[in-house]
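Undergrad: This structure is in structure tokens; I'll ask about it shortly.
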Number of protein chains: 2
Amino acid sequence: MQPKITLKDLANLAGVSISTVSKALNDSPEIGEKTRVKIKEIAESYNYVPNNIARSLKSKSTKIIGVIIPAILLEFFSKVLYGIEMEATRLGYKIVICLSNESHQKEVESIDTFINGSVDGIILSVAEETQKNKDYSHFYKTLKYNVPMVMFDRVIDEITCDKVTVDDFEGAFKATNFLLEIGCENVVFLNIISNISVGQLREQGYVSAMQKSDKEVKILTPQHYNEIEKELLPVFKNEKVDAILAADEYSAVLAMNVARMNGYDIPKDISIIGFTNGLISEHAIPSLTVVSQHAENIGKQAVSSLVNRLESETSTETIHTVVKTNIVERNSTR
Amino acid sequence: MQPKITLKDLANLAGVSISTVSKALNDSPEIGEKTRVKIKEIAESYNYVPNNIARSLKSKSTKIIGVIIPAILLEFFSKVLYGIEMEATRLGYKIVICLSNESHQKEVESIDTFINGSVDGIILSVAEETQKNKDYSHFYKTLKYNVPMVMFDRVIDEITCDKVTVDDFEGAFKATNFLLEIGCENVVFLNIISNISVGQLREQGYVSAMQKSDKEVKILTPQHYNEIEKELLPVFKNEKVDAILAADEYSAVLAMNVARMNGYDIPKDISIIGFTNGLISEHAIPSLTVVSQHAENIGKQAVSSLVNRLESETSTETIHTVVKTNIVERNSTR
């Protein structure tokens, strides 16, 4: 490929200084009309591309928000991204996205890419590896460089920045009570995400609701989707079970299939609820009752928090917004 | 927030020229040790962030690939992104992603963000609106600016650049023949994406295979997932049907559910195949036979094409890579 032409190349071609070229291209009155036209002609003929990042540094704003997503294959994050994109557009910002792919190193690199003047602020959900190794130096660096940052869903308590989360504990607590109130007695919690904070909070919400009603707690923690059938079979065969609360929607749909294969009628014999209100819940047969986390809203709220901070003149206390879950009742519960 | 400090600010603070500051920060031997240390101390104390974009312009490479995705909510694109990320990392590149959200205007803006020196090259799949309005001036601009570009999946024939697509026609042709060979006679094509090029190619592949075997063509084109049941019911009730080929995996899973609700046994009475090898196909009950498009491979191939072009010294002819689909046989076909 042909190399890009630089300001310096243009200066050599025009026989003037770099500063003159720069001023001419920016229509500075310091440069005479003739020189300005000449320089612009040369720039045009060599397809010179002004560097908008350097330009924007001058105005101290890029109107770009940097977003870091840990797991692009999870529908939840796709939906949050969709919400971020919609709200950013509405507020006159563009977004650029990096993927950490749950890696600490990639999260660090993405932060470095962003804080070097290319974005006004950062929205991110923390990588699993960072949650484990607890090395937060890149977040402290971001704060030191005065780049505003909003964490969503997976957040770090020790880092002082705006945060947006869902009420995972509350959501599971409410869903469990919902099942108990419609007359279920033996609610099983199916937790495929027991190793991340979100899954643990949901489990605690379930346990709390069950204990409050003096019901026996029964938790299954398969590590992969293909273990769900194996884990559920003994429950269906040997124990009384009339409800399943799953920590994600996908496990809930699989649980429905396994229940049906074992002669259970849904929702007559068993009621099932999942977390996340995705396509799969809406169109499963029967359609799935879910705890909706409003992923799109989380994205919108994150943008709104960030833009508030970017556009306010004074620094204010950081804000932790909790997006409320609610139960979307469909045909998998009686 | 505190505004970012610029080179000019540093120059004022140090009482030297901008050029001296820049040289000192880059350890130029032209600047004396004392001045260098002094300037670096000031820069440090004001949290000055060097602009890596401006720096990289000097070396004429950013090692960053810009990616534009039209529809983040489609699992196919999430998987392509995942492949892009993996391969870019392997080859020592970072990626930044913009979403066009099927909008022509957003695609144009994303291109503008990228071609202004912030990335080495671009990978994109064309927005639906651009496919309709056929305004390709932003793509011509990219070519004019010598920014290498790779189009994948949704490509524009008129634009001369490297391309990566799947053999949609072939894939549907093979899947239809597969159904005929296992003894199915009445294969229905369920096409929920009949309005985009990919859906049309798959339909043509199906039609071609059916006609070659002198079978009657039967195509359903629901416009939304909630129309699938309504469209399929009369077919199940009044016509002979022993196979369904769906243009996506999600419709295929819904079709399985509707078939079962109408007393069909899968795969004894009816065989079902979908396009796309996602989570939902793997874990449906019964598991779904699919035409795998190898979304991850498409992403990897796109990166590999782009990096080849970036790192080759001479310009070569553009290359159109076709990623072959294959049939992943599971339990929804006899």
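Any read-out appearing in this document is the output of simple, stated calculations on the displayed coordinates, not a laboratory observation. Since the structure is predicted, the reported quantities are computational estimates derived from the model, not experimental observations. Positions of Cβ are backbone-derived with ideal geometry, glycine not excepted, and every protein chain shown enters the neighbour counts.
Undergrad: If the viscosity is 0.890 mPa s and the temperature 25 °C, what Stokes-Einstein diffusion coefficient in µm²/s follows for the stretch B:203-296 when Rh is the Kirkwood radius over Cα pairs?
TA: Estimated via Stokes-Einstein, D reaches 177 µm²/s.
Undergrad: Go ahead and set up a Gaussian network model of chain A, Cα springs under 10 Å, then flag whichever of A:Ile280, A:Ile95, A:Ile18 fluctuates most.
TA: A:Ile18
Undergrad: Any idea which of A:Val241, A:Leu288, A:Asn191 is furthest toward the positive side of the dipole for the stretch A:168-293, if Lys and Arg beta-carbons carry +1 and Asp and Glu beta-carbons -1?
TA: Result: A:Val241, furthest along the dipole toward the positive end.
Undergrad: To the nearest 20 debye, what charge dipole does chain B have about its Cα centre, counting +1 at the Cβ of each Lys and Arg and -1 at the Cβ of each Asp and Glu?
TA: Details: 36 positive and 44 negative charges, 239 e Å.
With Lys and Arg at +1 and Asp and Glu at -1, about 1140 debye.
Undergrad: Then there's this: Please report the equivalent ellipsoid semi-axes of the stretch A:37-173, computed as sqrt(5 x eigenvalue) of the Cα gyration tensor, largest first, in whole Å. The partial results should precede the final answer.
TA: Numbers: eigenvalues 224, 57, 38 Å².
Over the Cα atoms of the stretch A:37-173, the ellipsoid semi-axes are 33, 17, 14 Å.
Undergrad: Please name whichever of A:Leu254, B:Val80, A:Ser22 sits farthest to the positive end of the charge dipole of the protein assembly as shown, dipole taken about the Cα centre and charges placed at Cβ: Lys and Arg +1, Asp and Glu -1.
TA: Comparing the listed Cα positions along the dipole, A:Ser22 ranks first.
Undergrad: Starting from a label point 7 Å past Cα on the Cβ side, list the distances from A:Val322 to the same position in the other copies, nm, shortest first.
TA: A:Val322 label point versus its equivalents elsewhere: 5.7 nm.
Undergrad: I would also like to ask the following. Can you compute the modelled spin-label distance between A:Arg334 and B:Tyr46, with each label point 7 Å from Cα toward Cβ, in nm?
TA: 7.3
Undergrad: Per residue of the stretch B:135-149, what does 6.51 cos²θ - 1.76 cosθ + 1.60 with θ = phi - 60° give for ³J(HN,Hα)? Whole Hz please, x for Gly and Pro, Karplus curve as stated.
TA: Running phi through 6.51 cos²θ - 1.76 cosθ + 1.60 with θ = phi - 60° gives 8, 10, 4, 5, 6, 4, 4, 4, 5, 4, 7, 6, 9, x, 9 Hz.
Undergrad: With n ≥ 4 as the cut-off for DSSP H runs, can you work out [θ] at 222 nm for the protein assembly as shown, using -39500 (n - 2.57) per run divided by the number of residues, rounded to the nearest 500?
TA: -14000 deg cm²/dmol
Undergrad: Report relative contact order for the stretch B:7-50 in percent, whole number only (criteria: Cα-Cα under 8 Å, sequence separation at least 6).
TA: 34
Undergrad: Under the Kirkwood approximation applied to all pairs of distinct alpha-carbon atoms, what is the hydrodynamic radius of the protein assembly as shown in Å?
TA: 27.6
Undergrad: Quick one: among A:Ile298, A:Ile69, A:Ile159, which has the greatest mean-square fluctuation in a GNM of chain A with alpha-carbon springs under 10 angstrom?
TA: Comparing A:Ile298, A:Ile69, A:Ile159 in a Gaussian network model of chain A, the most mobile one is A:Ile159.
Undergrad: How high is the relative contact order of chain B, in percent, with contacts defined as C-alpha pairs under 8 Å that are six or more residues apart?
TA: On the way: 591 pairs, mean separation 55.9, N = 334.
Across chain B, relative contact order equals 17 percent.
Undergrad: Oh, and also: Roughly how many whole Å is it from the C-alpha centroid of the stretch B:249-273 to that of the stretch B:95-134?
TA: 39
Undergrad: At q = 0.23 Å⁻¹, what log₁₀ I(q)/I(0) does the stretch A:249-331 have when each alpha carbon counts as one equal point scatterer in the Debye sum?
TA: Log10 of I(q)/I(0), two decimals: -1.02.
Undergrad: Moving on. Please find the FRET efficiency linking A:His320 to B:Asp112, where r is the Cβ-Cβ separation and R0 is fixed at 30 Å, and quote it to the nearest 0.05.
TA: Approximately 0.25, to the nearest 0.05.
Undergrad: Follow-up question, since we're still on this one. Please express the shape of chain B as an equivalent ellipsoid: the semi-axes are the square roots of 5 times the eigenvalues of the C-alpha gyration tensor, given largest first in whole angstrom.
TA: Semi-axes, largest first: 54, 19, 17 Å.
Undergrad: Would you please state which residues of the stretch B:126-153 a label at B:Asn195 would reach in this model, taking the label point 7 Å out along Cα→Cβ and a backbone N cut-off of under 18 Å?
TA: Residues passing the 18 Å test: B:126-135.
Undergrad: A 32 angstrom limit on the alpha carbon distance is what I want to check against. Which of B:Lys215/B:Lys268; A:Lys132/B:Lys23; A:Lys132/B:Lys8; B:Lys141/B:Lys174 exceed it?
TA: Check vs 32 Å cut-off fails for A:Lys132/B:Lys23; A:Lys132/B:Lys8; B:Lys141/B:Lys174.
Undergrad: Which one of B:Phe152, B:Ser315, B:Tyr48 is farthest out on the positive end of the charge dipole of chain B, using unit charges on Cβ (Lys, Arg +1; Asp, Glu -1) and the Cα centre as origin?
TA: The one lying farthest along the dipole's positive direction is B:Tyr48.
Undergrad: Related question: Evaluate 2.2 N^0.38 Å with N set to the residue count of the stretch A:153-269, then give the Cα radius of gyration divided by it. Present the calculation step by step, with values, prior to reporting the outcome.
TA: Numbers: Rg = 15.1 Å, N = 117, 2.2 N^0.38 = 13.4 Å.
So the Cα radius of gyration is 1.12 times the expected 2.2 N^0.38 Å.
Undergrad: A further question follows. Using a 10 angstrom cutoff on alpha carbons, build the Gaussian network for chain B and name the most mobile of B:Asn191, B:Asn47, B:Asn257.
TA: Residue with maximal mean-square fluctuation among B:Asn191, B:Asn47, B:Asn257: B:Asn47.
Undergrad: Ok, one more. Kindly give the distances from A:Asn12 to its copy-mates, label point to label point, with each label point 7 Å from Cα along Cα→Cβ, as nm values to one decimal ordered shortest first.
TA: The projected label point of A:Asn12 is separated from its counterparts by 3.3 nm.
Undergrad: Give me the angle, in degrees from 0 to 90, between the Cα long axis of helix B:75-90 and the longest principal axis of the Cα atoms of chain B, rounded to the nearest 10.
TA: Helix B:75-90 sits at roughly 40 degrees to that axis.
Undergrad: Would you mind checking the radius of gyration and Dmax of the stretch A:131-205 based on alpha-carbon positions, in Å?
TA: 16.9, 55
Undergrad: Project the alpha carbons of the stretch A:78-125 onto their principal axes and report the range along each, largest first, in whole Å.
TA: Between the extreme Cα coordinates on each principal axis of the stretch A:78-125 lie 32, 26, 11 Å.
Undergrad: Assigning unit charges at the beta carbon (Lys, Arg +1; Asp, Glu -1) and nothing else, what dipole magnitude in debye, to the nearest 20, does the stretch A:180-334 show about its Cα centre?
TA: Values: 14 positive and 20 negative charges, 39 e Å.
Its charge dipole is roughly 180 debye.
Undergrad: Measuring nothing but label to label, 7 Å from Cα along Cα→Cβ, what are B:Ser61's distances to the other copies in nm, shortest first?
TA: In nanometres, ordered from closest: 3.6.
Undergrad: Thinking of the stretch B:7-50 as a set of Cα atoms, what percent of all their pairs are more than 15 Å apart?
TA: 26
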